[in-house]
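Engineer: Pasting in a structure now, in structure tokens, and then I'll have a few things to ask.
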Amino acid sequence: MIQEERSSASVIPFARRWSVIHPIDIARLMADHARLRMLCNALEACADALPERPSPAEAEALCHQLAELLSAQERGEKLLALMFGHDEAEPLTHALLRHIRHRHIAGTVHAQDLIAALMPSAEKGPAVSTDALGYMLRCFFEACRQTMDFEELLILALGANRLTQPARHLLTDSLDRNLAGC
């Protein structure tokens, strides 16, 4: 367990077992969320442009960003486990961390499906119909946005008494901006 914590801590440079949560402790997660929101906006623009599909170069760039999503989700999950995993015997903490794990698993599967749908086969053409692609895109970016909001709400709920005022503002401002973008 101690060895596992050390290896996880090296992935997230500012994460540690702490009694106070500062903005620097959640900065990487918030930066990942900002990049994921830009990806969601790009996927939404792609869905809005249908029936015109993205160019091969655009599709490749989107697929690359979708693949990077998996790393961001893993970092976020590790951070949450480091911040709150020691309280996992608490039913609410256990339920919320489990919920995030399941959302990340679903997001991974959907990202892989979207990658396959966006990259046409040279001999077969598009993998899915335009209607199916639109549905997949919209379901994915909506679920991704909800998962990021859920992660931020999780930190606000479980870290309520441990968040510094600037960290609390960082999270609540992010949630406000996300709502304005809907």
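Engineer: Mind checking which pairs have a first residue in region 97-120 that is over 15 Å from Leu39 (Cβ atoms) and a second that is surrounded by 15 or more Cβ atoms within 10 Å (Cβ to Cβ) and β-branched (Val, Ile, Thr), Cβ under 6 Å, 6 or more apart or different chains?
Structural biologist: Pairs that qualify, where the first residue is over 15 Å from Leu39 (Cβ atoms) and the partner is surrounded by 15 or more Cβ atoms within 10 Å (Cβ to Cβ) and β-branched (Val, Ile, Thr), are Arg103/Thr147; Ala117/Val128.
Engineer: Which condition from (1) open to solvent by 50 Å² or more (accessible area, probe 1.4 Å); (2) under 22 Å from Ala157 (Cα atoms); (3) part of a helix (DSSP H, G or I) is the one that Phe84 breaks?
Structural biologist: (1)
Engineer: Condition first: in contact with a Cys (Cβ under 9 Å, 6 or more places away or on another chain) and open to solvent by less than 50 Å² (accessible area, probe 1.4 Å). Now tell me which residues in region 45-69 satisfy that.
Structural biologist: Result: Pro54, Ala59, Leu62, Leu69.
Engineer: While we're on this one: Can we say Arg103 is assigned to a helix (DSSP H, G or I), open to solvent by 80 Å² or more (accessible area, probe 1.4 Å) and among the basic types (Lys, Arg)?
Structural biologist: No: the conditions fail for Arg103.
Engineer: Please state which of the following conditions Glu151 fails to meet, knowing it meets all the rest: (1) closer than 23 Å to Asp32 by Cα; (2) surrounded by fewer than 16 Cβ atoms within 10 Å (Cβ to Cβ); (3) in contact (Cβ under 8 Å) with a residue 40 or more places away in the chain; (4) among the acidic types (Asp, Glu).
Structural biologist: All conditions pass for Glu151, except number (2).
Engineer: Also, I was wondering about something else. Looking for whichever is open to solvent by 50 Å² or more (accessible area, probe 1.4 Å) and either of a type in the set (A, V, I, L, M) or modelled with pLDDT of 90 or more (or both) here; the options are Ala34, Ala72. Which one fits?
Structural biologist: Step by step, each of Ala34, Ala72 is checked, and only Ala34 is open to solvent by 50 Å² or more (accessible area, probe 1.4 Å) and either of a type in the set (A, V, I, L, M) or modelled with pLDDT of 90 or more (or both).
Residue-by-condition table, conditions (1) within 21 Å of Ala31 (Cβ to Cβ); (2) hydroxyl-bearing (Ser, Thr, Tyr); (3) within 12 Å of the chain's Cα centre (by Cα):
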residue: Leu62; (1), (2), (3): yes, no, no
residue: Glu68; (1), (2), (3): yes, no, yes
residue: Arg75; (1), (2), (3): yes, no, yes
residue: His86; (1), (2), (3): no, no, no
residue: Pro91; (1), (2), (3): no, no, no
residue: Arg103; (1), (2), (3): yes, no, yes
residue: Gly107; (1), (2), (3): yes, no, yes
residue: Met119; (1), (2), (3): no, no, no
residue: Cys144; (1), (2), (3): yes, no, yes
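The values are calculated or read from the model by the stated rules, or taken from the named source; none is laboratory data. Because the structure is predicted, anything quoted here is derived from the model rather than measured. Please note: Cβ atoms are built from the backbone with ideal geometry, for glycine as well, and neighbour counts cover all protein chains shown. We work out accessible area using only protein heavy atoms, side chains counted, and drop any ligands, DNA or RNA first. Shrake-Rupley method; radii C 1.70, N 1.55, O 1.52, S 1.80 Å.
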